[in-house]
1. So for the pair Glu310, Ser287, with labels modelled 7 Å out along Cα→Cβ, what separation do we get in nm?
2. Which of Val315, Val125, Val146 has the fewest other C-beta atoms within 10 Å, and how do the rest follow up to the most?
3. Rg/Rh for region 154-201 to two decimals, with Rh computed the Kirkwood way over all alpha-carbon pairs.
4. Taking 0.36 nm per intervening residue step and subtracting the Cα-Cα distance, what contour gain separates Asp23 from Lys340 on full extension?
5. Among Glu274, Glu61, which comes first, then next, by fewest other beta-carbon atoms within 10 Å?
6. Can you tell me the dipole magnitude for region 61-170 around its Cα centre, using point charges on the Cβ only (Lys, Arg +1; Asp, Glu -1), in Debye to the nearest 20?
7. Could you calculate the FRET efficiency of Val66 with Asn120 from 1/(1 + (r/R0)^6), where r is the beta carbon distance between them and R0 is 41 Å, rounded to 0.05?
8. Over region 240-353, what is the mean sequence separation of C-alpha contacts under 8 Å (at least six apart), divided by residue count, expressed as relative contact order in percent?
Amino acid sequence: MPVLTLNGLGRAFGKVNAVDGVDLRIADGEFVSLLGPSGCGKTTTLRMIAGFIDPTSGTIEVDGKVLSSTKGSLPPEKRGMSMIFQSYAIWPNMTVGQNVAFGLTLRKLPADEIKRRIDNILGVVKMTHLIDRYPAELSGGQQQRVALARAIVVQPSVLLLDEPLSNLDANLREEMRFEIRRLHDEFKITTVYVTHDQAEAMATSDRIAVMNLGKIEQVDDPHTLYTRPRKRFVAGFIGRTNFVSGKRDGGTVRFDGFSVDADRLDGAARSGPELLYSVRPQNLRLSLGAPEGGVIAVAGEVAERTFLGEHWDYVFAVKEGGARLRVSAPAHDVHAAGTKAWLAIDPALMVPID
Ligand SMILES: Nc1ncnc2c1ncn2[C@@H]1O[C@H](COP(=O)(O)OP(=O)(O)O)[C@@H](O)[C@H]1O
Ligand SMILES: [Mg+2]
């Protein structure tokens, strides 16, 4: 049963449709990210879930009960949700222990229950020894751990996080991704996580909702999203890719410089002769001799190259038609610019785009 449902959720600010007809069902205990570029409506969506902003269309339901609609909204403090912001927002005049205790004291829990829960959560976030420190005496990562502990200790029905790691430096950001996922595996709190960082979304999430211009483009698990993007925006936003457009001509699909039997291509039977495919640079193989073994062989030359340490980034110019494709190759695969070469394309790795 989905615990949290967004139905045609929208929010306009004047003429700007910040959030535009978002439908999303999040299951009990699921971790879902809203991923997209700056300004696509992630924060507005999250703040509507929290109850800080009212929708101008649609509803938000939890366990079938409407929390937000255009007729009115349940106030944030009655939703049983916790929210963590980009700036850690822990109270500077309280110790770690007092910060974490705050929500429990507010709920008037018995003192021994408060102590038990604080000991437990500080142990989980490895902050037990810092219980009497003030925020100014903590690193950015430690402050964010306190914010996480404080949000989780009240056992919220839903945990909402808005770019919680963007103030941290790169190494710590990477470490905290795993920390956040570990906390989720431990407490299984239904979580909505907002980020513009695809690696962060991939490392933490059960499913990712990719947003663009106020709309959700695709919702899938990280692996499906990367290997089977359905929309042009998603294919280009998650990782890098090549787009190749083809035309169906009887049983063949003709691309710029090569052709493929339609029955070897996913989605080639769709209506309309115009087809678009995404092919990841690392799914293309560059070689000096013509490739064999059931792949599509395309003649051309190495037009440009950039060495990035972990791999080469080549631009391959197709001989006929002049299409240029990006190819990722291992560091030991060295080809000078201007070399006549071949490209092997596996039709199974060409992904149809709507
Ligand atoms: N209070 C507001 N008043 C006017 N426009 C707003 C307000 N909040 C957000 N917006 C606009 O709505 C769009 C989405 O913003 P936001 O949800 O903050 O995006 P994100 O979090 O994805 O960067 C942006 O164009 C932003 O300028
Ligand atoms: Mg935002």
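1. So the label points at Glu310 and Ser287 sit 2.6 nm apart.
2. Ascending number of Cβ neighbours within 10 Å: Val315, Val125, Val146.
3. 0.96
4. The Asp23-Lys340 span can extend by a further 109.2 nm.
5. Ordered from fewest to most neighbouring Cβ atoms within 10 Å, Glu274, Glu61 come out as Glu274, Glu61.
6. 340
7. That pair, Val66 with Asn120, gives E of 0.75.
8. 32
The numbers here are math on the coordinates, done by the rules we state, and not lab data. All values derive from a computational prediction rather than experimental measurement. Because the Cβ atoms are built from the backbone with ideal geometry, glycine has one as well, and the counts that use them run over all protein chains shown.
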